[in-house]
Amino acid sequence: MPNRTPLYDVHVALGAKMVDFAGWEMPIHYGSQIEEHHAVRRDAGMFDVSHMGVVDLHGARVRDVLRYLLANDVARLREPGKALYTCMLNESGGVIDDLIVYYMGDTWYRIVMNAATRGRDLAWFRRHGDSFGVAIEERDDLAMLAVQGPNARAKVHAVLGEQAGDAKTLGRFAAVDAGQDMFIARTGYTGEDGYEIMLPADDVEDLWHRLHAGAVTPCGLGARDTLRLEAGLALYGQDMDEDVSPLEAALDWTVAFEPADRDFVGRAALETQRAAGPSRELVGLVLEDQGVLRAHQRVLIDDGEGEITSGSFSPTLGRAIALARVPAGTGGRCRVEVRGRLLAARVVKPPFVRNGRAVIAL
Amino acid sequence: MSNVPANLKYAKSHEWVRAESDGSVTVGITEHAQDLLGDMVYVELPDVGRTLTAGKECAVVESVKAASDVYAPIAGEVLAVNDAVTAGPDLVNKDPYGEGWLFRLKPADVAELDKLLDAAGYERVVADESH
């Protein structure tokens, strides 16, 4: 029996095509993935992301534990509601999961994790946190909506009225307690401005209907994937996993090597890799020939070879784009084996699209 | 149940075939097939003049989600291809039995049409798939 979010019946009533995603029955689209994609780039769309794991960690030493378990440094978070994107690594520097961490208070952090890795993440937290007295509270009582797009914040403000008060002045990557157990974060996974809203599961259907009435377009996981790909955002399990380090996944910026005396799991392995220079890197590809790039296609560069980790058609650019792991130092042009033929592609630095606009030359 | 016009013939691999008055046949993919694939973003059609073998792949339709081969429902020579779907693949979604046709064939043997499924037969194929 697959898991279902509190909005399952709403999705079905809207005519969504439901698919299995990491053991969850989720909407892939409600009719047209491309229309939903454009709605987010041009106006406002909403996604049910209640399948993601929300976990609160409590304890006097929770900060010390997270500084040891996460490659980014939660000590950078000083104001309640501030958020940080980070990888959690194994001893060899491979990525166990990528997470968003919110600082709620000195003894309380909130973590949002991928649905597929939740069990493993929790086991890791228990293994390292138990002896430090860290209490793990799984917030299955919460649902989560992502409302994204250039008009997303204004539409949320209009729908929430007074309850949106403090959200209006939120900076990026910060969150606020909006009362009635609603937590509004200015974060997302689309390359557009917007919110991720956590709220009691019992309240989410009402908010969904109010946003829908407020001209926010329901969007499925299909559009979420093409949006994040255009934004150059890595997807766990595809673009990185336990055999890939953040340095090989274009996630160097999420690793806090300073302060140098902070030990964290995977640090030694990353330092060795950094000193030698990683042999592989994650780059963007734009297909110059006609066709569509897909995960696992072979990439041929001069004397080397790589592989596409995520690929699709970019609705915003009207071209096929991809993320690919290739030998370090790759640039210029390459060829991709697409259905038995070698097609021409160009190596670019992601993102492909930011705030509705192409940020690479076509 | 999706739209399965009674005046067409069908292959199990989700192509439809329409016999035209001039003896040629028009081929496309069914509404059910386009619905399974989702928004089309790329279509690759055979060259005009090419001779197709029944049951062999001869074209590709790709949606945002996946690539799918199109199989020649009967043998024949390609008389024409629909350039409009190459330029605008979403025609396959919007009008799979009309503007979204893929190619026209001169059948090698008109009797092959009789081996294809009728609408009721194809509906059973679709029903079996969803179980």
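Looking at the structure I just gave you, is A:Ile136 closer than 23 Å to A:Pro80 by Cβ, crowded, with 22+ Cβ neighbours inside 10 Å and in contact with a strand residue (DSSP E or B) (Cβ under 7 Å, 6 or more places away or on another chain)? Against the criterion (closer than 23 Å to A:Pro80 by Cβ, crowded, with 22+ Cβ neighbours inside 10 Å and in contact with a strand residue (DSSP E or B) (Cβ under 7 Å, 6 or more places away or on another chain)), A:Ile136 does not qualify.
Each row is one residue, and each column tells you yes or no for (1) under 21 Å from A:Thr117 (Cα atoms); (2) surrounded by 15 or more Cβ atoms within 10 Å (Cβ to Cβ); (3) modelled with pLDDT of 95 or more.
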residue	(1), (2), (3)
A:His157	no, yes, yes
A:Gly171	no, no, yes
A:Met182	no, yes, yes
A:His209	no, no, yes
A:Ala213	no, no, yes
A:Leu221	yes, yes, yes
A:Arg224	yes, yes, yes
A:Leu233	yes, yes, yes
A:Tyr236	yes, yes, yes
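Taken over the range A:74-95, residues that are buried (at least 21 other Cβ atoms within 10 Å of the Cβ) and under 19 Å from A:Arg126 (Cα atoms) amount to 6.
A residue that is assigned to a strand (DSSP E or B) and touching a Lys or Arg at 6+ places or on another chain (Cβ under 6 Å) occurs somewhere in the range A:4-26. B:Leu36 meets all of the listed conditions (1) away from chain A (no Cβ under 14 Å); (2) at pLDDT below 95 but one, namely (1). Of the residues A:Arg319, A:Arg339, A:Arg274, A:Arg335, the single one that is more than 23 Å from the chain's Cα centre (by Cα), within 19 Å of A:Ile360 (Cα to Cα) and among the basic types (Lys, Arg) is A:Arg335. Summed over the range B:50-59, the residues that are buried (at least 22 other Cβ atoms within 10 Å of the Cβ) and within 14 Å of chain A (Cβ to nearest Cβ) give a count of 2. Comparison of A:Ala44, A:Ala71 shows that the only residue that is closer than 28 Å to A:Pro150 by Cβ and crowded, with 21+ Cβ neighbours inside 10 Å is A:Ala44. Counting only residues that are touching a residue at least 60 places away in the same chain (Cβ under 8 Å) and either within 14 Å of chain B (Cβ to nearest Cβ) or not in a strand (DSSP E or B) (or both), the range A:295-310 holds 1 of them.
Restricting the first member to the range A:280-293 and to residues that are within 14 Å of chain B (Cβ to nearest Cβ), and the second to residues that are at pLDDT 95 or above and outside any strand (DSSP E or B), the beta-carbon pairs closer than 8 Å and six or more apart or on different chains are A:Leu287/A:Leu293. Return yes when B:Val27 is on the phi < 0 side of the Ramachandran plot, surrounded by 22 or more Cβ atoms within 10 Å (Cβ to Cβ) and within 14 Å of chain A (Cβ to nearest Cβ) and no when it is not. Against the criterion (on the phi < 0 side of the Ramachandran plot, surrounded by 22 or more Cβ atoms within 10 Å (Cβ to Cβ) and within 14 Å of chain A (Cβ to nearest Cβ)), B:Val27 does not qualify.
The values are calculated or read from the model by the stated rules, or taken from the named source; none is laboratory data. Keep in mind that this is a model prediction, so the values were computed, not measured. For neighbour counting, all protein chains shown are included, and Cβ atoms are generated from backbone atoms with ideal geometry for every residue, glycine included.
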